[in-house]
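Data block below; observations after.
The values are calculated or read from the model by the stated rules, or taken from the named source; none is laboratory data. None of these values were measured; they are calculated from a predicted model. Because the Cβ atoms are built from the backbone with ideal geometry, glycine has one as well, and the counts that use them run over all protein chains shown. Note: areas computed on protein heavy atoms with side chains; ligands, DNA, RNA excluded. Shrake-Rupley method; radii C 1.70, N 1.55, O 1.52, S 1.80 Å.
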Amino acid sequence: QVQLMESGGGLVLPGGSLRLSCVASGQIFGINTMGWYRQAPGKQRELAAAITSGGTINYANSVKGRFTISRDNAKSTAYLQMNSLKPEDTAVYSCNLRDSYNTYWGQGMQVTVSS
């Protein structure tokens, strides 16, 4: 069983930055993808960014040029650097890991962009 521990959420002013971290613990099988999903009030959950263990990256169009996802495979950790944050980035952000057999989710944390 894999557990995901998230940190870094909170309240930030428009134009500000936050860095989210997700640490995976447990047995991870094979090639895997770590990603950040977000769900704003009244909206469906959407992928913000994802990165494979081989380094292939995918971003939502709405965050391209502002968010950067990275990972440290030795530490089983993924990071999401979020810059130039906008009020529309306000959402619950959840870490996700997919390996050869399963999909795992973190508990989610609130990111609020507001003045």
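Report, by chain and number, residues whose modeled amide H sits under 5 Å from the one on residue 67, excluding near sequence neighbours (fewer than 5 apart, same chain).
Amide H neighbours of residue 67, under 5 Å, 5+ apart: 83.
Just by accessible area at a 1.4 angstrom probe, what is the order of 82, 109, 5 from largest to smallest?
In descending accessible area the options line up as 5, 109, 82.
List the equivalent ellipsoid semi-axes of the chain in whole Å, largest first, each obtained as the square root of 5λ for an eigenvalue λ of the Cα gyration tensor.
Over the Cα atoms of the chain, the ellipsoid semi-axes are 24, 14, 12 Å.
Quick one: work out the % antiparallel among DSSP beta bridges in the chain, nearest 5.
About 95 percent, rounded to the nearest 5.
Only four residue types carry charge here, +1 at the Cβ of Lys and Arg and -1 at the Cβ of Asp and Glu. Report the dipole size of the chain about the Cα centre in Debye, rounded to the nearest 20.
Computed charge dipole of the chain: roughly 140 debye.
With θ set to phi - 60°, apply the Karplus curve 6.51 cos²θ - 1.76 cosθ + 1.60 along the range 70-77 and write out the HN-Hα couplings as whole Hz, x wherever there is a Gly or Pro.
8, 8, 10, 5, 5, 9, 6, 10
For the range 1-48, take every pair of Cα atoms, bin their distances at 5 Å starting from 0, and report each bin as a whole percent.
Here the calculated profile for the range 1-48 is 5, 14, 20, 23, 21, 10, 6, 3.
Place the peptides 50-63, 92-105 in order of packing, highest mean first, counting for every residue the other Cβ atoms within 10 Å and averaging per peptide.
92-105, 50-63
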